[in-house]
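**Student:** Next up is a structure, given as structure tokens.
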Amino acid sequence: MANSTISSIGGVIHGNWDDEFFVSAYGNASEKAGSLVGISAAGAIVECGSAGTDDEFVGIVVGAYDTDLDTAIATTSLCTIVIPQSGHLYGVLTDDLSTAGAGEPLIHSNTDGQLKAGGNIEAEHVARKYKATSGDTVAIVIWGV
């Protein structure tokens, strides 16, 4: 059975690393845990992945204390965002990675807030596939290697 939610892969966005950095922002009613986001000037999360937004990337949504992991975070709720560190494992939303082998480079997807395989991997890749099976739309990735 394909994994399609962060809770289906154990609800883990990041490991318990002592050197993780976190920031907070308000939800935008569409992004949820595992989404790749930026932060707007107004302090709300912004989707990354659509045309022209990759340069706004800040981190991966960990979640909000008052929102289920698999539910979009309301505009009135503060959420936590982890700033990914190279070599660490993270749970993220993805396009289907069934054609990607283990360790294959991943880039920002055209689907907002997700990663995908392919593209100009030398110039654009941000993570590598660590654990995902055919049909999964969430995956554990190794950041920045």
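The values are calculated or read from the model by the stated rules, or taken from the named source; none is laboratory data. Quick caveat: nothing in here was measured; it's all calculated off a predicted structure. Note that we place each Cβ from the backbone using ideal geometry, even for glycine, and neighbour counts take in every protein chain shown.
**Student:** Return yes or no: is Thr80 modelled with pLDDT of 80 or more, assigned to a loop (DSSP other than H, G, I, E, B), closer than 29 Å to Asp18 by Cβ and β-branched (Val, Ile, Thr)? Walk me through it before giving the result.
**Tutor:** Values: modelled with pLDDT of 80 or more: yes; assigned to a loop (DSSP other than H, G, I, E, B): no; closer than 29 Å to Asp18 by Cβ: yes; β-branched (Val, Ile, Thr): yes.
So Thr80 fails the test.
**Student:** Starting from the range 64-77, keep only residues that are farther than 9 Å from Ala29 by Cβ, then list their pairs with residues that are outside any loop (DSSP other than H, G, I, E, B) whose Cβ atoms are within a distance under 6 Å, requiring at least 6 positions of separation or different chains.
**Tutor:** So the pair list comes out as Ala64/Cys79; Leu69/Ile6; Leu69/Ser7; Leu69/Gly63; Asp70/Ser7.
**Student:** Another question, then. Which ones in the range 124-138 are part of a strand (DSSP E or B) and over 20 Å from Phe57 (Cα atoms)?
**Tutor:** Tyr130, Lys131 - these are the residues of the range 124-138 that are part of a strand (DSSP E or B) and over 20 Å from Phe57 (Cα atoms).
**Student:** Return the residues of the range 1-38 that are within 14 Å of the chain's Cα centre (by Cα), closer than 15 Å to Ile73 by Cα and among the hydrophobic types (A, V, I, L, M, F, W, C); say none if nothing qualifies.
**Tutor:** Ile6, Ala33, Leu36, Val37
**Student:** With respect to the numbered conditions (1) under 11 Å from Lys32 (Cα atoms); (2) at pLDDT below 90, which one is the sole condition not fulfilled by Tyr65?
**Tutor:** (1)
**Student:** Among the residues of the range 14-40, which ones are within 12 Å of Gly59 (Cα to Cα), hydrophobic (A, V, I, L, M, F, W, C) and part of a loop (DSSP other than H, G, I, E, B)? So that I can check it myself, show each step before the final result.
**Tutor:** Of the residues in the range 14-40, the ones within 12 Å of Gly59 (Cα to Cα) are 14, 20-25, 33-39.
Narrowing further to those that are hydrophobic (A, V, I, L, M, F, W, C): 21-23, 25, 33, 36-37, 39.
Once the filter is applied, which keeps residues that are within 12 Å of Gly59 (Cα to Cα), hydrophobic (A, V, I, L, M, F, W, C) and part of a loop (DSSP other than H, G, I, E, B), the range 14-40 yields only Ala33.
**Student:** Please pick out the residue among Ile121, Ile39, Ile107, Ile60 that is at pLDDT 90 or above and of a type in the set (A, V, I, L, M, F, W, C). Give the steps one after another, and end with the answer.
**Tutor:** Numbers: Ile121 fails: at pLDDT 90 or above; Ile39 fails: at pLDDT 90 or above; Ile107 fails: at pLDDT 90 or above.
After applying the criteria, what remains is Ile60.
**Student:** Same structure again: Any residue at all in the range 56-77 that is part of a loop (DSSP other than H, G, I, E, B), in contact with a His (Cβ under 9 Å, 6 or more places away or on another chain) and surrounded by fewer than 18 Cβ atoms within 10 Å (Cβ to Cβ)?
**Tutor:** Step one: filter the range 56-77 for residues part of a loop (DSSP other than H, G, I, E, B), giving 64-77.
Restricting the remaining residues to those that are in contact with a His (Cβ under 9 Å, 6 or more places away or on another chain) gives none.
The answer is no; no qualifying residue exists.
**Student:** Now for a different question. Suppose we keep only residues that are closer than 20 Å to Ser7 by Cα and among the aliphatic types (A, V, I, L, M) within the range 84-120. Which one would you say is surrounded by the most Cβ atoms within 10 Å (Cβ to Cβ)?
**Tutor:** It comes out as Leu115.
**Student:** Further question: Condition test on Ser50, is it modelled with pLDDT under 85, of a type in the set (Ser, Thr, Tyr), in a loop (DSSP other than H, G, I, E, B) and farther than 17 Å from Ala127 by Cα?
**Tutor:** Numbers: modelled with pLDDT under 85: yes; of a type in the set (Ser, Thr, Tyr): yes; in a loop (DSSP other than H, G, I, E, B): yes; farther than 17 Å from Ala127 by Cα: yes.
Criteria met by Ser50.
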